[in-house]
Amino acid sequence: MIPKEIHDKYFALLKGYLDEGTEKYLLEAADLARELLVADVPTEEIAELHEGALGRLADKNPAVEALETMRRTSAPLMEILMTYGLAFRQRLEQRKQAMEALEEARAKLDRYSKELEKKVEERTRELAKTNKELETFSKGLEKKVRERTFELSILYEFSNTISQALDYQKLMGMVMDSLYKIVDYDICASLIYDEHSAYLTFRPAYPQCSQFTEEVQNSLCEAMLLLTGEEVHKKRISTFVIPPNTDAKVQGMTAEHASPSNPDEERDFSRIRSFFNVPFTVGDETFGMLNVSSCRETTFSEEQQPILYTMGNQAANAIERLRRMMKTEKSKMESMVESMLEGVIMLDEQGEIVVLNPQAKKMLGFNDAQEVTGKDLYDKLRVFELDKEIEKYLADSEGAPISKELVLSQEEGSKTLHCEVIPIRESEDKVIGVSITLRDITREKEIEQMKNEFIASVSHELKTPLTIIKEATDLVVDEIPGKIVEGQRDILTTAQENIGRLSNMVNDLLDISKIESAKLKLYTKPANMSELIESTVSDFKYLAEEKGILLDYEVPQAKVDIFCDADKIRQVLVNLISNALKFTSQDGRIKVICNENGNEVIVSVQDTGIGISEENISRLFDRFIQVGRKPGAGEKGTGLGLAISKGIVELHQGRIWAESKVNSGSKFYFSLPKSSSKKPS
């Protein structure tokens with residue numbers, strides 16, 4: 001629809017042409033019609049525009065002739081316009097189609113360009129994401145390769161070192177140290193058990209984790225009960241704790257493996273929050289378990305679990321190899337000791353029986369077929385208070401060997417056993433067990449008793465005739481029966497000396513017999529030790545001067561009161577001083593010293609004689625032992641003096657001992673309680 005203003009304009013142009021006759025109006029009207037054609041206005045509407053304008057002119061202008069002329073003149077114009085419009089329209093239509101095709105192509109190009117740009121952006125983002133993921137994966141892979149390489153190096157080192165371990169504790173220490181370099185645990189524990197015993201080893205990573213040992217122990221016992229049905233908690237459990245060593249993780253580790261220097265910053269040591277168990281299994285037998293626990297919620301990843309199982313399996317194989325080796329060695333030892341005449345018992349550091357030969361079972365009254373447990377043995381040894389000594393050995397590596405006699409009452413009669421208990425030590429002096437040797441000395445005791453009775457009987461029988469002979473000789477020497485010549489006197493004097501020596505020997509034999517049979521009686525009363533020493537030394541002054549030996553004494557100025565049998569203590573002093581005179585050469589020195597030490601008095605007899613070797617000191621106080629005596633002429637004796645002295649001192653609840661070195665003299669000491677102390681029985 002052509003707007004009204006176009007109609008009005010076209011009408012005005014035609015009217016101007018009629019009024020003025022100027023063709024410019026007609027040309028302008030033609031241009032307007034052409035513009036309408038360009039604007040895609042249909043020719044029918046343009047014709048209606050022209051006709052409508054002419055109609056309006058006719059209504060306003062009565063000069064019909066002029067209008068008719070105009071109609072006639074406008075006909076060619078309209079024809080030209082129609083022809084031109086059709087051609088122009090065709091070109092315009094072609095141009096329009098070309099433009100539409102161009103626009104469509106441009107739109108397609110824009111759409112394609114936008115799609116392409118969008119796809120490029122998407123691909124760029126995808127490539128960036130892929131590149132980032134690839135970089136992350138590469139870093140993760142590199143880290144995992146380093147971790148696996150480190151883990152493999154630890155496993156290689158571990159597999160090489162565990163084969164050298166010869167006991168459970170060293171083996172488990174190696175396992176836990178190696179594991180700590182890979183797994184960030186707070187406490188690690190191992191449980192190994194056999195028929196009667198269980199062995200627990202703990203390794204806290206930090207001092208704060210030592211509080212969890214009981215909790216981990218209960219957890220392992222419960223796990224073994226569920227896995228194998230074994231009631232480990234009812235066995236004899238021995239525990240060993242490896243002290244924390246936080247430096248172990250840092251040594252040989254990369255930065256990502258090392259744990260923080262201050263564990264409190266990321267750990268809450270109030271309780272265990274996660275753990276992982278690996279059973280020790282070889283074939284179809286499970287004999288223990290490895291536990292790693294942490295105070296953090298998630299510690300043991302899926303990647304670490306194969307490592308834990310691998311190390312657990314290697315440890316299990318090493319333990320089994322160690323068990324077989326120990327079983328083989330035990331079998332060899334049992335075969336060896338079974339043929340021994342002595343009874344042999346060996347206990348490990350947990351007090352369990354390692355070796356018990358048939359002789360030991362028989363001596364202790366067990367049946368040959370009886371399966372003797374550690375408890376059975378302890379019950380038997382408890383009667384002689386040996387159980388406490390054994391426990392002391394196992395707890396304290398400083399204990400000295402024990403030697404004592406055991407008297408067992410059995411159906412066939414009493415039996416006397418000589419028992420020696422010796423601790424078994426490692427190279428570091430750590431006690432790893434106890435060896436008990438039993439020797440049946442019943443027959444020896446019987447023979448010794450018979451000998452003692454014979455000696456006592458003979459000595460007693462000799463004492464009376466010797467007394468008579470001595471008195472008779474004294475009468476003859478004193479010329480009571482009649483005069484004797486000088487030669488006879490010399491012979492009788494020699495006889496007197498030998499009768500005296502023989503009498504002393506008989507007295508010694510009687511004394512030792514009484515001491516050993518507990519028949520020697522003490523007649524105790526208050527005495528002054530200083531006076532006893534002074535008087536005894538005085539008795540030996542003449543003999544010492546004859547031998548060219550300086551004999552003196554040193555006693556406190558104040559009175560030294562003791563409660564004793566003065567005659568018996570004088571006998572001890574006589575024995576010690578006479579021994580010193582025997583083995584001290586001319587120009588030597590002997591000194592008797594008395595000192596007070598708390599509630600006891602210590603007396604020493606010191607000489608500058610030939611001395612005593614170290615191996616002989618332990619035998620000094622045995623019967624019939626004469627250390628340093630040389631064959632041939634010289635000082636003789638029975639070898640009973642020191643044994644009698646020891647018996648007398650011990651009856652006074654004292655002690656006697658010696659210190660000496662060859663060619664450096666000797667020092668003999670004995671101690672007695674003061675009068676204010678406990679009196680001898």
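Just a few scattered comments:
- Residue match in segment 397-414 (condition: farther than 22 Å from HIS196 by Cα, within 36 Å of the chain's Cα centre (by Cα), at pLDDT 80 or above and of a type in the set (Val, Ile, Thr)): no
- Cβ-Cβ under 6 Å pairs, at least 6 apart or on other chains, segment 521-535 side closer than 9 Å to ALA566 by Cα, far side hydroxyl-bearing (Ser, Thr, Tyr) and modelled with pLDDT under 95: PRO526/SER675
- Hey, ILE424 more than 26 Å from SER197 (Cα to Cα), at pLDDT 75 or above and among the β-branched types (Val, Ile, Thr) or not: no
- For segment 4-47, residues that are open to solvent by less than 60 Å² (accessible area, probe 1.4 Å), among the hydrophobic types (A, V, I, L, M, F, W, C) and outside any helix (DSSP H, G or I) total 1.
- Selected residue (criterion: modelled with the highest pLDDT) from residues of segment 489-504 that are open to solvent by 80 Å² or more (accessible area, probe 1.4 Å) and not charged (D, E, K, R): ILE491
- From VAL344, VAL337, residue being at pLDDT below 80 and either more than 21 Å from the chain's Cα centre (by Cα) or charged (D, E, K, R) (or both): VAL337
- Test result for THR201, touching a Phe, Trp or Tyr at 6+ places or on another chain (Cβ under 7 Å) and surrounded by fewer than 20 Cβ atoms within 10 Å (Cβ to Cβ): no
- Per the listing ILE602, ILE593, the residue uniquely touching a strand residue (DSSP E or B) at 6+ places or on another chain (Cβ under 7 Å), open to solvent by 30 Å² or more (accessible area, probe 1.4 Å), β-branched (Val, Ile, Thr) and assigned to a strand (DSSP E or B) is ILE602.
- Lone unmet requirement of (1) open to solvent by 60 Å² or more (accessible area, probe 1.4 Å); (2) modelled with pLDDT under 75; (3) basic (Lys, Arg) for LYS249: (1)
- Annotation: GLY433 fulfils all but one of (1) farther than 30 Å from PHE240 by Cβ; (2) open to solvent by less than 80 Å² (accessible area, probe 1.4 Å); (3) out of contact with any Gly (no Cβ under 6 Å at 6 or more places or on another chain); the unmet one is (1).
- Checked against the criterion of being farther than 20 Å from LEU640 by Cβ, open to solvent by 80 Å² or more (accessible area, probe 1.4 Å), touching a Lys or Arg at 6+ places or on another chain (Cβ under 7 Å) and outside any loop (DSSP other than H, G, I, E, B), the candidates TYR553, TYR542 yield just one match: TYR553.
- Index of the failed condition, MET1 passing every other in (1) assigned to a helix (DSSP H, G or I); (2) open to solvent by 80 Å² or more (accessible area, probe 1.4 Å); (3) within 29 Å of GLN94 (Cα to Cα): (1)
- The set of residues from segment 272-293 being of a type outside the set (Phe, Trp, Tyr), more than 16 Å from GLU230 (Cβ to Cβ), open to solvent by 10 Å² or more (accessible area, probe 1.4 Å) and in contact (Cβ under 8 Å) with a residue 40 or more places away in the chain comprises just one member, ILE272.
- The lone criterion from (1) crowded, with 21+ Cβ neighbours inside 10 Å; (2) within 19 Å of LYS591 (Cβ to Cβ); (3) modelled with pLDDT under 90 left unmet by SER645 is number (3).
- Scanning segment 305-320 for residues that are in contact (Cβ under 8 Å) with a residue 60 or more places away in the chain and open to solvent by 30 Å² or more (accessible area, probe 1.4 Å) yields THR310, GLN314.
- Within segment 440-488, if we keep just the residues that are β-branched (Val, Ile, Thr) and in contact with a Gly (Cβ under 9 Å, 6 or more places away or on another chain), the residue that is most open to solvent (accessible area, probe 1.4 Å) turns out to be VAL476.
- Those residues of segment 504-538 which are among the β-branched types (Val, Ile, Thr), outside any loop (DSSP other than H, G, I, E, B) and more than 57 Å from the chain's Cα centre (by Cα), in sequence order: VAL506, ILE533, THR536, VAL537
- Qualifying residue in segment 449-462 (condition: modelled with pLDDT of 80 or more and of a type in the set (Phe, Trp, Tyr)): no
- For LYS568, the criteria (1) crowded, with 21+ Cβ neighbours inside 10 Å; (2) part of a loop (DSSP other than H, G, I, E, B) hold in every case but one, which is (2).
The values are calculated or read from the model by the stated rules, or taken from the named source; none is laboratory data. None of these values were measured; they are calculated from a predicted model. As a convention, Cβ positions derive from the backbone with ideal geometry for all residues, glycine included, and neighbour counts pool all protein chains shown. Only protein heavy atoms, including side chains, enter the accessible area calculation; ligands, DNA and RNA are left aside. Shrake-Rupley method; radii C 1.70, N 1.55, O 1.52, S 1.80 Å.
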